[in-house]
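Heads up: the structure comes next, in structure tokens.
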Amino acid sequence: MAFYFTGVRSFPKLWKSNPYLGLGQGHSYVSLFLKDCDGIRNQQKWFSLKTMSPQNTKAMNLLIAKVRYGRKGDEGSNKQVSSESPHMFAAGAAKKRSQMNPSSKDHDLLPVGNIIQLPTKPLNSEEWDKLKEEFKEKANFENWIISQMVKCHSSVDVAKSVLAWVAAKNSGIVGYDLLVKYLSLCVFHKQTSEIIDVYEIMKARYKCLEPAGSTLLIRGLSHTDRWREALLLLEDMRKVITPSKRNYNDCIQGALFHQDVNVAWNLYQELLGHDIVPMLETLKAFFDFGKDIKDDQYSNKLQDILLYLRNNQLYPGESFAHSIKTWFESVPGEQWKGQFTTIQQSGQCLGCGKTLESIHLSSEEYEFLKGKIMNDVIDGGDQYKKTTPQELKRFQNFVKCCPPFDIVIDGLNVAKMFPKARESQVLLDVVSQLAKQNLHVLVLGRKHMLTQNSRWRKDDMEKVQKHASCFFADNISEDDPYLLYATLHSGNHCKFITNDLMRDHKACLPDARTQHLFFKWQQAHQLAITSRHPGSKITFQHILNYDTVVQTTGDSWHVPYDEELVERYSYEVPTRWLCLHRKT
């Protein structure tokens, strides 16, 4: 095995009026002469706002319907897009987008130097002395070489020869750091006898252990006959720090392995009491243990685990999903049947035909989220780092003067979605397509977009302003707070278009429930553009109609899970489901 060692060391908002007169049917423009809302009486501005007929629900529904159809010839049919056409938040979608838009620059390769061939068999003291001399620039060769062995998962016997060499030079003493590194290798290779030997040495020599050493010993002892001593180490750790979810996992796995289910459940409840999110393999272990057990109390606890997954938006992996399926089907007399499936865009399960819970918020949830966004993101966030209270106030007054919008567009973000195209033309194409459906559109932009250059043509931007209400902010201003404000203020029907995933703003929200409601609202309201061909229609990805969380109706369970070979980012949701229902 070769180891390669690398030695690397304030202007106000610009409220844009529309100079055009020849407007289409049902459209008109009204000029408003308003005083500056911040009380600066010497400043007065002309505002020209596009007026619309009342909220066009029919047109909005048509837009959403068209989003769900893939090709130009399908508009008049009822043919659904294949489930293979992912939505913006589908697992693996971000990976595919990055592959379609690779960076133009190759990643720099780190230089490789100081190549060492790690020993593949134990060395004696003379051989270690010779190897140390070859690497005399290493300040602590012993720690360095065993660290490389840990990284490369070298043989325990080879690492043990390092300890023997060190002990021979130091009157039989091996330092704590070396012992911990050696212990790490023993745990990796599951060398039980060696783990116990190191444990005895440490117990005799040190009154207390630091967390790294305790963690390794807990893991190493949990599946041995001395597993209860791992519980004592956990107890000692509690006196100093809160143990990690890995520590609890190892102890719970050890208790289940040794058939002490009461200890396992008690440790699980203790873990939850510390507000620690358990490892998924911990939860999987309870399902694996419960196979073929007819115990109503145990069954209720497992179903509580499924509800915990739901309430915390956690998704089991594929192996865990198989364990859930196996347990349900193994419970004597229950007659559960499971299958792995997908969900249609309508929200109907292809396995059992049931319709999943809607992604859309209730009116109470919407008002709650709206209040939280206004308080914690718009008013209480860090948006004033890139704008001013006066600027934001002018925007809020502008929105109040307008009828509710159907679509809010992050103009700069949308314009840059297709780098080879002229930015103003991309924005115009999107706005024009939406305007043809009689939708009330708001475009949020920056002042520089109105300056004639090769990327921003004045005639394009004039056409944009003909088809949509526009608000152009200072060039340094942050767009997202304006987009969120306008969308939420317009009502639950309003959608927004941007590629920004709003992760920073989600993080500003105070608790898990609010963050979940925000993500749920985002999935139901954020439109993503998938393709654009000059002279033809813009194609949007479909929006989810159902909520991707564990859900039950009593006689059925639906569990979204992560496929093994699909890379899912934290802001994405799985597309595969475990469908469980009772046989009739």
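Here are some notes:
- Scanning segment 156-189 for residues that are part of a loop (DSSP other than H, G, I, E, B) and modelled with pLDDT of 95 or more turns up just one, His189.
- Residue satisfying all of: in segment 295-316; over 23 Å from Val263 (Cβ atoms) and outside any helix (DSSP H, G or I); least open to solvent (accessible area, probe 1.4 Å) among these: Pro316
- Lone unmet requirement of (1) at pLDDT below 95; (2) outside any loop (DSSP other than H, G, I, E, B) for Tyr561: (1)
- Only one of Asp177, Asp157, Asp236 that is more than 26 Å from Asn143 (Cα to Cα) and open to solvent by 20 Å² or more (accessible area, probe 1.4 Å): Asp236
- One residue stands out in segment 182-231 among those that are farther than 21 Å from Pro243 by Cα and hydroxyl-bearing (Ser, Thr, Tyr): the one that is farthest from the chain's Cα centre (by Cα), namely Ser193.
- Pick from segment 431-465, criterion charged (D, E, K, R) and outside any loop (DSSP other than H, G, I, E, B), ranking: least open to solvent (accessible area, probe 1.4 Å): Asp460
- Consider segment 539-550 and keep the residues that are open to solvent by less than 10 Å² (accessible area, probe 1.4 Å) and touching a strand residue (DSSP E or B) at 6+ places or on another chain (Cβ under 6 Å). The one that is nearest to Phe496 (Cα to Cα) is Thr548.
- Cβ-Cβ distances below 6 Å connect the following pairs, each with a first residue in segment 369-391 that is over 20 Å from His516 (Cα atoms) and modelled with pLDDT under 75, a second residue that is open to solvent by less than 30 Å² (accessible area, probe 1.4 Å) and among the polar types (S, T, N, Q), and a separation of six or more residues or different chains: Lys386/Ser477; Thr387/Ser477.
- Check on Thr548, part of a helix (DSSP H, G or I), touching a helix residue (DSSP H, G or I) at 6+ places or on another chain (Cβ under 9 Å), under 27 Å from Leu361 (Cα atoms) and of a type in the set (Val, Ile, Thr): no
- The set of residues from segment 501-523 being open to solvent by 30 Å² or more (accessible area, probe 1.4 Å), closer than 30 Å to Leu428 by Cβ and either at pLDDT 90 or above or among the basic types (Lys, Arg) (or both) comprises just one member, Arg503.
- Ala468 vs. criteria more than 21 Å from Ile543 (Cα to Cα), at pLDDT 90 or above and surrounded by 22 or more Cβ atoms within 10 Å (Cβ to Cβ): yes
- Residue check for Tyr482: at negative phi, open to solvent by 20 Å² or more (accessible area, probe 1.4 Å) and not charged (D, E, K, R): no
- Taken over segment 501-518, the criterion of being hydrophobic (A, V, I, L, M, F, W, C) and assigned to a loop (DSSP other than H, G, I, E, B) is satisfied by Leu501, Met502, Leu509.
- Count - residues of segment 126-150 that are open to solvent by 30 Å² or more (accessible area, probe 1.4 Å) and either of a type in the set (Val, Ile, Thr) or modelled with pLDDT of 95 or more (or both): 1
- All of Thr498, Thr487 fail the test of being in contact with a His (Cβ under 7 Å, 6 or more places away or on another chain) and crowded, with 20+ Cβ neighbours inside 10 Å, apart from Thr487.
- The one condition in (1) open to solvent by 60 Å² or more (accessible area, probe 1.4 Å); (2) touching a Gly at 6+ places or on another chain (Cβ under 6 Å); (3) of a type outside the set (Asp, Glu) that Gly333 fails to fulfil: (2)
- Selection within segment 324-363: residues that are of a type in the set (Asp, Glu) and more than 26 Å from the chain's Cα centre (by Cα). The member of this set that is farthest from Thr575 (Cα to Cα) is Glu334.
- Residues being within 16 Å of the chain's Cα centre (by Cα), more than 29 Å from Val399 (Cα to Cα) and in a loop (DSSP other than H, G, I, E, B) are entirely absent from segment 519-537.
The values are calculated or read from the model by the stated rules, or taken from the named source; none is laboratory data. Model, not experiment: these values are computed from the prediction. Here the Cβ is made from the backbone with ideal geometry for all residues, glycine too, and neighbour counts use every protein chain on show. Ligands, DNA and RNA are excluded from the accessible area calculation, which covers all protein heavy atoms including side chains. Shrake-Rupley method; radii C 1.70, N 1.55, O 1.52, S 1.80 Å.
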